[in-house]
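Here's the structure, in structure tokens; my notes come after.
The values are calculated or read from the model by the stated rules, or taken from the named source; none is laboratory data. None of these values were measured; they are calculated from a predicted model. Heads up, the Cβs are rebuilt from the backbone with ideal geometry, glycines too, and the neighbour counts pull from every protein chain shown. Accessible surface is based on the protein model in full, side chains and every heavy atom, while ligands, DNA and RNA are left aside. Shrake-Rupley method; radii C 1.70, N 1.55, O 1.52, S 1.80 Å.
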Amino acid sequence: MTDITRRAVLGAAGLGAAGTALSWKRLTGLDIPGRGADQLNIAINGTAQDAAANQGLIDAFSAQHPDIKVRIVPIQGADWSDFFAKILTLVAAGTPPDVVMVATEGTQLFAERLAYPLDEFVMRDKEEMREFFDDVHPSLIEAFMYQGQLFQLPLSWNAANMYFSSKALERAGLDYPKQDWTWDDFQGYLRQMRKAATGTFRPFFWTNRLWGGVVPWLYSNDTSFLKPSRFPGGEWLWQEFYPGQQGRSGGYRWAEPNADDPKVLESFEFLQGLVAENLGSSPVQGGGNELVSRFGSGVIGMTPSGGYWVHGLNQAGMKRDDYDVAFFPKGRTQQHQFGTAGYAIMRDSKRKDAAWEWLKFCVSKQGLAIAQKNPDSNSARRSHNTKLYKDTGPAHWEVFYDTLDKHPTTAPVPAPPQEAAVETALIKNVLGAVTGSRPNVKRALATLQRDLELAMKES
């Protein structure tokens, strides 16, 4: 999963028909001669160059399925929510694509309104699919379950692990942290780094967003800003492909605000303390892409990020031993958060069988080898993840998939169908909570609780 921020999307469905009625043909490229032909239209969040980069994947797929014509439709969104808004506009206009790339942030929105469940296809081709499920951690599968049905197959994913500068670690006389290091250990590392540093060095830098912002601290403290529960069901999949797995469900359910949980207060107070002590930055809005150069120059000690950062750091000229990655520090638990992405088949598509063949090919070993050659996200497949990072990742690159294997309670970011409104409520209140006085934290969380209650009422 690439760098992600999210904004209000639900209102865009209503606005789309009026606001972009004159431009939807241009949006999909259907104003170009020949684009309305009988073919499988696959929407991705990207540019024409991104679409062109998929030509090798299309050629390999076409070699196996010469009867299925495929076209990648690039729809460029400022973030995932903007992309989803444009998809909703196409649906409102009566021209939905057949297949859409959807990240965790949109899974339940699509499952509830737009996507077609994959259950019948998976069970029909269960012997062919068994090898895939054997290579994929069940947590990634469960993230794409909704009310007992499966709506996507995971291609890539990223958890919020802790990156640190080898230069900063060495300068402070610190060793690589223990696997079960704690919040107290983390705070001690920051203090040592600051003591040993000069100039503009910042021990800890973080961003204000859903993925990788405050949520990893909540998860590692056995809580969240939305109360987590599970949908029943899903036995058809777990019994067939993951026999013996305990505690799996029909998908995650986030139905109630939880900002008034004392453990949420404790988590926010910890972060407020880091900022007040000048150990951590005020959380910055956005994805933090500007961090690469600053991290590479050694002026940032630690920051949360996922496997996708390896490619960026490599391109920035960092060597493997210039940085490393560790598990997120432990609070009450060491549960991590992750986001994942995969293709969804649209409910209104008349080419569902062809669309399923595309999904199967993309998650195959051959398809992934063609589509993902760089370590720009963790692969859903363990085997492919090893190929991505073994020769290019930092010394402890195994941390990426071990986040799932060694911490099986690791879960997706909270993303109900009202995710966009929920995230807006969260981001709006984080900065005031962690940059003010200690008594202000509780007041800010009361406001967050109120805003979340309003957000969860969105239809």
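Take the residues in region 59-82 that are modelled with pLDDT under 95 and within 21 Å of LEU155 (Cβ to Cβ); name whichever of them is least open to solvent (accessible area, probe 1.4 Å). Spell out the reasoning first.
Step one: filter region 59-82 for residues modelled with pLDDT under 95, giving 76-82.
Of the ones still in play, those that are also within 21 Å of LEU155 (Cβ to Cβ) are 76-77, 79-82.
Values: GLN76: 116, GLY77: 16, ASP79: 20, TRP80: 21, SER81: 1, ASP82: 50 Å².
So the residue we want is SER81.
Going by the conditions given, is THR95 touching a Gly at 6+ places or on another chain (Cβ under 9 Å) and among the β-branched types (Val, Ile, Thr)? It is false that THR95 is touching a Gly at 6+ places or on another chain (Cβ under 9 Å) and among the β-branched types (Val, Ile, Thr). Among the residues of region 259-274, those identified as surrounded by fewer than 21 Cβ atoms within 10 Å (Cβ to Cβ) and in contact with a Ser or Thr (Cβ under 6 Å, 6 or more places away or on another chain) are ASP261, LYS263. Could you identify the single residue in ARG194, ARG209, ARG171, ARG230 that is touching a strand residue (DSSP E or B) at 6+ places or on another chain (Cβ under 8 Å), over 27 Å from LYS263 (Cα atoms) and among the basic types (Lys, Arg)? Result: ARG194 is the single residue among ARG194, ARG209, ARG171, ARG230 that is touching a strand residue (DSSP E or B) at 6+ places or on another chain (Cβ under 8 Å), over 27 Å from LYS263 (Cα atoms) and among the basic types (Lys, Arg). Quick check, is ALA63 over 18 Å from the mean Cα position of the chain (by Cα) and of a type in the set (A, V, I, L, M)? Yes: the conditions hold for ALA63.
Checked against (1) touching a Leu at 6+ places or on another chain (Cβ under 7 Å); (2) free of Cβ contacts under 8 Å to residues at least 12 places away in the same chain; (3) small (Gly, Ala, Ser), GLY247 passes all but a single condition, namely (1).
For region 315-334, how many residues meet the condition of being touching a Gly at 6+ places or on another chain (Cβ under 9 Å) and at negative phi? Talk me through it step by step, then tell me what you get.
Kept after step one, since they are touching a Gly at 6+ places or on another chain (Cβ under 9 Å), are these residues of region 315-334: 316-318, 320, 322-323, 325.
Okay, now just the ones that are also at negative phi, so 316, 318, 320, 322-323, 325.
Final tally of qualifying residues: 6.
Determine whether SER282 is open to solvent by 30 Å² or more (accessible area, probe 1.4 Å), outside any helix (DSSP H, G or I) and closer than 30 Å to MET456 by Cα. It is true that SER282 is open to solvent by 30 Å² or more (accessible area, probe 1.4 Å), outside any helix (DSSP H, G or I) and closer than 30 Å to MET456 by Cα.
Taking ASP260, is it acidic (Asp, Glu) and within 20 Å of the chain's Cα centre (by Cα)? The answer is no for ASP260.
Sort through THR409, THR447, THR435 and tell me the only one that's within 24 Å of the chain's Cα centre (by Cα) and either among the β-branched types (Val, Ile, Thr) or closer than 29 Å to ASN278 by Cα (or both).
Details: THR447 fails: within 24 Å of the chain's Cα centre (by Cα); THR435 fails: within 24 Å of the chain's Cα centre (by Cα).
When all the criteria are applied, what remains is THR409.
Here's the yes/no breakdown for (1) among the acidic types (Asp, Glu); (2) open to solvent by less than 10 Å² (accessible area, probe 1.4 Å); (3) part of a helix (DSSP H, G or I); (4) more than 16 Å from SER224 (Cα to Cα):
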site	(1), (2), (3), (4)
VAL422	no, yes, yes, no
GLY432	no, no, yes, yes
PRO439	no, no, yes, yes
ASP451	yes, no, yes, no
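Restricting region 214-254 to residues that are farther than 21 Å from ARG130 by Cβ and at pLDDT below 95, the residue that is surrounded by the fewest Cβ atoms within 10 Å (Cβ to Cβ) is GLY247. The set of residues in region 362-387 that are open to solvent by 40 Å² or more (accessible area, probe 1.4 Å), closer than 22 Å to VAL70 by Cβ and either of a type in the set (S, T, N, Q) or in a helix (DSSP H, G or I) (or both) comprises LYS365, GLN366, ALA369, ILE370, ALA371.
Looking only at region 129-141, decide whether some residue is of a type outside the set (Asp, Glu), open to solvent by 10 Å² or more (accessible area, probe 1.4 Å) and over 22 Å from TRP211 (Cβ atoms). There is at least one residue in region 129-141 that is of a type outside the set (Asp, Glu), open to solvent by 10 Å² or more (accessible area, probe 1.4 Å) and over 22 Å from TRP211 (Cβ atoms).
Just for region 292-338: of the residues that are open to solvent by 10 Å² or more (accessible area, probe 1.4 Å) and aliphatic (A, V, I, L, M), which one is farthest from ASP402 (Cα to Cα)? Filtering first and then ranking leaves VAL299. Reported count of residues in region 405-457, each being touching a Lys or Arg at 6+ places or on another chain (Cβ under 7 Å) and over 28 Å from ASN161 (Cβ atoms), is 1.
Just for region 83-98: of the residues that are closer than 17 Å to ASP38 by Cα and out of contact with any strand residue (DSSP E or B) (no Cβ under 8 Å at 6 or more places or on another chain), which one is most open to solvent (accessible area, probe 1.4 Å)? Break it down stepwise before answering.
As a first pass, look at region 83-98 and keep what is closer than 17 Å to ASP38 by Cα: 94-98.
Adding the requirement that they be out of contact with any strand residue (DSSP E or B) (no Cβ under 8 Å at 6 or more places or on another chain) leaves 94-95.
Working: GLY94: 59, THR95: 31 Å².
Going through the qualifying residues, I end up with GLY94.
Tell me, which residue of region 388-403 that is open to solvent by 50 Å² or more (accessible area, probe 1.4 Å) and touching a residue at least 12 places away in the same chain (Cβ under 8 Å) is nearest to PRO177 (Cα to Cα)? Step by step, filter region 388-403, then rank; the result is HIS396.
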